Amino acid sequence: MTHANIYTRKDTPEFVELSPASPATAAVIWLHGLGADGFDFVPLVDELRLPPNSNIRFVFPHAAPRPITLNNGYVMRAWYDVKGLGSERIEDEAGIRETEALIRRYIDHEMAQGVTPGRIVLAGFSQGGAIALHTALRYPQRLAGILALSTYLPLHKQLEQERSPENRDLPILMCHGTQDPMIGLDYAKASCEMLQTLGYPVDWRSYPMAHQVCMEEVQDISNWLQQRLPPVD
């Protein structure tokens, strides 16, 4: 172990869960990118080097396999279909909303285990980050924040009408690579500016990298999580 935190790991067909030694007082639901699975970000938890008394449970759901139009119908794990690239892409609204309902059930599950919604962060990379933004900004109870990595805001035209009053000023950390070939920096920045225009306090960070995660970013994520989910006495 790289730090004093010791987690109990639980693997199921639907998700991977890392639970702290003491009862969890906070939770991070972390969504992977297109073609990956919940195992993708499990190793990063140690790299966060969170204080031993953080008592955060990390949940990494697996997206269901589905055909991806952009990849000639090839079946892979995905939160929704991808039909094109860029700002004029046709979005899979049905798939996005179906996954939103699924992630709400993960939030409900954490609440059933005693974690209050204000101690739950939705996190995600790429497609997972898009779902984290979409779901949290519409969720009817106040959450702790959104961690949006190498991603963009989906269904942005509907957000102003659909957004939740309870999460109208929800803290958001957006991190992006300056050389990202999958989701261009300008496209991600445009999403950030849309959110800021609607009044969301977005903390924007960029790094000299491609469609990936770097150690400087991991440190920024750790600092942000410690601010959003401080230990409970």
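The values are calculated or read from the model by the stated rules, or taken from the named source; none is laboratory data. The structure presented is a predicted model; accordingly, all values stated were derived computationally and were not measured. All Cβ positions, glycine included, derive from the backbone under ideal geometry; neighbour counts span all protein chains shown. Note: accessible area is taken over every heavy atom of the protein model, side chains too, but ligands, DNA and RNA are not part of it. Shrake-Rupley method; radii C 1.70, N 1.55, O 1.52, S 1.80 Å.
Give me the dipole magnitude in Debye, nearest 20, for the chain about the Cα centre, with unit charges on the beta carbon: positive for Lys and Arg, negative for Asp and Glu.
My answer is approximately 320 debye.
Shape call for the chain from the C-alpha gyration tensor, a ≥ b ≥ c root eigenvalues: rounded (a/c under 1.5), prolate (a/b greater than b/c) or oblate?
Here the chain falls in the rounded category.
Taking only the Cα atoms of the stretch 58-127, how large is their convex hull per residue, in Å³?
100
Can you tell me the length gained on complete extension of the stretch residue 93 to residue 233, counting 0.36 nm per residue apart and subtracting the Cα distance?
46.2 nm
Which whole-Hz ³J(HN,Hα) couplings does the stretch 98-113 yield from phi under the Karplus relation 6.51 cos²θ - 1.76 cosθ + 1.60, θ = phi - 60°, glycine and proline marked x?
For the stretch 98-113, the Karplus curve yields 4, 5, 3, 4, 5, 5, 4, 5, 5, 4, 4, 5, 5, 5, 5, 8 Hz.
Which of 30, 192, 12 sits closest to the plus end of the dipole of the chain, meaning its Cα is farthest towards the positive end, when Lys and Arg get +1 and Asp and Glu get -1 on the C-beta?
Selected residue: 12.
Can you figure out the FRET efficiency of residue 46 with residue 210, using R₀ = 22 Å and their beta-carbon distance, to the nearest 0.05?
0.40
At q = 0.12, 0.22, 0.26 Å⁻¹, what log₁₀ I(q)/I(0) does a Debye calculation on the Cα points of the stretch 12-99 give, no solvent, two decimals?
Calculated log10 I(q)/I(0) at the listed q: -0.47, -1.02, -1.25.
Could you derive backbone 3J(HN,Hα) for the stretch 164-178 from the dihedral phi with the Karplus parameters 6.51, -1.76 and 1.60 (θ = phi - 60°), listing whole Hz in sequence and x where the residue is Gly or Pro?
These are the phi-based 3J(HN,Hα) values: 7, x, 5, 10, 5, 10, 5, x, 10, 9, 10, 10, 8, x, 5 Hz.
Report, in debye and to the nearest 20, how large the dipole of the stretch 117-233 comes out about its Cα centre when Lys and Arg carry +1 and Asp and Glu carry -1 on their Cβ.
With only Lys, Arg, Asp and Glu charged at Cβ, the dipole is about 300 debye.
Helix 185-197 versus the longest principal axis of the chain: what is the Cα-based angle in degrees, 0 to 90, to the nearest 10?
70
Restricting attention to the alpha-carbon atoms of the stretch 78-187, what are Rg (one decimal) and Dmax (integer), both in Å?
Here Rg and the maximum Cα pair distance are 13.8, 42 Å.
Starting from the residue with the highest accessible area, list 157, 83 in decreasing order, probe 1.4 Å.
157, 83
On average, how much accessible surface per residue is there in the chain, in Å², for a 1.4 Å probe, leaving out ligands, DNA and RNA?
44
With all protein chains present, how much of the accessible area of the chain (probe radius 1.4 Å) comes from carbon and sulfur, to the nearest whole percent?
That fraction is 52 percent.
Can you tell me the orientation of helix 127-138 relative to the chain, as the angle in degrees between its alpha-carbon axis and the longest Cα principal axis, to the nearest 10?
The answer is roughly 80 degrees.
Ranked from the most accessible area to the least, with a 1.4 Å probe and all protein chains present, what is the order of 170, 70?
Per-residue accessible area, sorted high to low, gives 70, 170.
Quick one: accessible surface of residue 225, probe radius 1.4 Å, all protein chains present, in square angstrom to the nearest 10.
Solvent-accessible area, nearest 10 Å²: 0 Å².
Please give the solvent-accessible surface of residue 183 in Å², to the nearest 10, using a probe radius of 1.4 Å with every protein chain present.
Accessible area, nearest 10 Å²: 10 Å².
Step through the residues of the stretch 18-29 one at a time and calculate ³J(HN,Hα) from phi using the Karplus curve (6.51 cos²θ - 1.76 cosθ + 1.60, θ = phi - 60°), rounding each to whole Hz and writing x for Gly and Pro.
Ordered by residue, 3J(HN,Hα) equals 10, 10, x, 5, 8, x, 5, 10, 7, 8, 10, 9 Hz.
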